[in-house]
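Notes follow once the structure below has been shown.
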Amino acid sequence: MPDGIGAGGAAGEFAAANPRAEVPTLIDGEVKVFDSTIILEYIEDKWPAPPLLPAAPAERARVRMLEEVMDTHYEPINWGLGEVRAFQRATGELAQEIERRAAEQTRGFFAWLETQLGDRDWFNGAAFGWGDLAVAPYLNGSRGHGHRPPAGGRLAAWLERVNQRPSVAATAKDVADLLAANAGAMRDVATLVEQGLFKREYRDHRLEWMVKVGGLEVVAAGLERDNIRFGPDFS
Ligand SMILES: N[C@@H](CCC(=O)N[C@@H](CS)C(=O)NCC(=O)O)C(=O)O
């Protein structure tokens, strides 16, 4: 995890490899690739076997749309809950309203994902792949926020199944270890935000989400206190 990421101070070799200064970034020899979707495409192009995408064009499109929905529409819910709970951007009635909207949206996504899964064992189709790795981290993130797919449903069974895969389990453990290692620092993070020392990135869909759930005043306060930022300029 690069130093300064999240706070707004990512620099050095990492920032040189990725002008957006975001994780994930893939460095493969001389090749530097940013954006998780483009990284997946690079991996698929460079190491086509075993394939991450299904074979049929319609199935490939279905899986890619699933990833797009998770990255763009689902992700900001978990991010926004972090803004409220860890970074304490909202308190009182506004925090309650944002929590309510996040819970409602998450339930809606669980229903939508249940339909997407249909009677398949894997979002990708017959075997684990792109469709599954696009959903798993976000559902684990929701679980971390106390939002679980309905017990006894196919989505809950899929989540159990996917978390048993060694690759998913290892990645989830990395995240849990990182959160545990930073637990002490995270207790003080709201103070750092308040002091303008920790500037959170309100980029594209996250900014939209905060406004959509009624947090325009969160954005306005962040701008006024200079403790939010947007994507970097390119040069
Ligand atoms: N569309 C990008 C989004 C990546 C992204 O939002 N990364 C966040 C963390 S999840 C980040 O590194 N932000 C930089 C920062 O907060 O300093 C992708 O899918 O790779």
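The values are calculated or read from the model by the stated rules, or taken from the named source; none is laboratory data. These numbers were taken from a predicted model, which means no experiment stands behind them. Using ideal geometry, Cβ is built from the backbone for each residue, glycine included, and neighbour counts are taken over all protein chains shown. Please note that ligands, DNA and RNA were not included when accessible areas were found on the heavy atoms of the full protein model with its side chains. Shrake-Rupley method; radii C 1.70, N 1.55, O 1.52, S 1.80 Å.
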So for the chain, taking the charge dipole from beta-carbon charges (+1 Lys/Arg, -1 Asp/Glu), which of Leu207, Ser142, Leu179 sits furthest toward the positive end?
-> Ser142
Rank Glu22, Glu59, Glu30 by mean-square fluctuation in a GNM of the chain with C-alpha springs under 10 angstrom and give only the top-ranked residue.
-> Glu30
Quickly work out the Ala7-to-Trp47 label distance, labels modelled 7 Å from Cα along the C-beta direction, and quote it in nm with one decimal.
-> 3.3 nm
If each K or R counts +1 and each D or E counts -1, the residues other than Trp130 whose Cβ falls under 9 Å of its Cβ total -1
Sorted by accessible surface (1.4 Å probe, heavy atoms of the protein chains only), largest first, Thr37, Thr115 come out as Thr115, Thr37
Relative contact order (percent) for region 95-232, with alpha-carbon contacts under 8 angstrom and 6 or more residues of separation?
-> 21 percent
GNM top mover of Asp45, Asp204, Asp71 - the chain, alpha-carbon springs below 10 Å = Asp45
Once label points are set 7 Å from the Cα along Cα→Cβ at both Met65 and Ala176, what is their separation, rounded to one decimal in nm?
-> 3.5 nm
Please work out the FRET efficiency for the pair Leu197 and Ile27, using the Cβ-Cβ distance as r and a Förster radius of 45 Å; give the result to the nearest 0.05.
-> 0.95
Projected convex hull area of the chain, Cα atoms, direction-averaged, in nm², equals 14.0 nm²
Neighbour net charge for Asp119 - beta-carbon separation under 15 angstrom, K R +1, D E -1 = +1
Neighbourhood net charge (9 Å Cβ-Cβ; Lys/Arg +1, Asp/Glu -1) for Gly222 | +3
Part-to-part distance (alpha-carbon centres) for region 78-136 and region 150-222, which is given in Å | 11 Å
Evaluate the distance, in nm, between pseudo-label points positioned 7 Å from the Cα of Ala55 and of Ala156 along their respective Cα→Cβ axes.
-> 3.6 nm
For Phe34 and Arg120, calculate 0.36 nm times their separation in residues minus their Cα-Cα distance, and state this gained length in nm to one decimal.
-> 27.9 nm
Computed magnitude of the charge dipole of the chain (debye, nearest 20; Cβ of K, R +1, Cβ of D, E -1) | 560 debye
Potential lengthening between Asp226 and Glu208 on full extension [0.36 nm per residue; Cα-Cα distance subtracted] = 4.6 nm
Anyone know which of Ala90, Ala134, Ala49 comes out most mobile in the 10 Å Cα GNM of the chain?
-> Ala49
Let me have the relative contact order for the chain, percent, based on Cα pairs under 8 Å that are six or more residues apart.
-> 22 percent
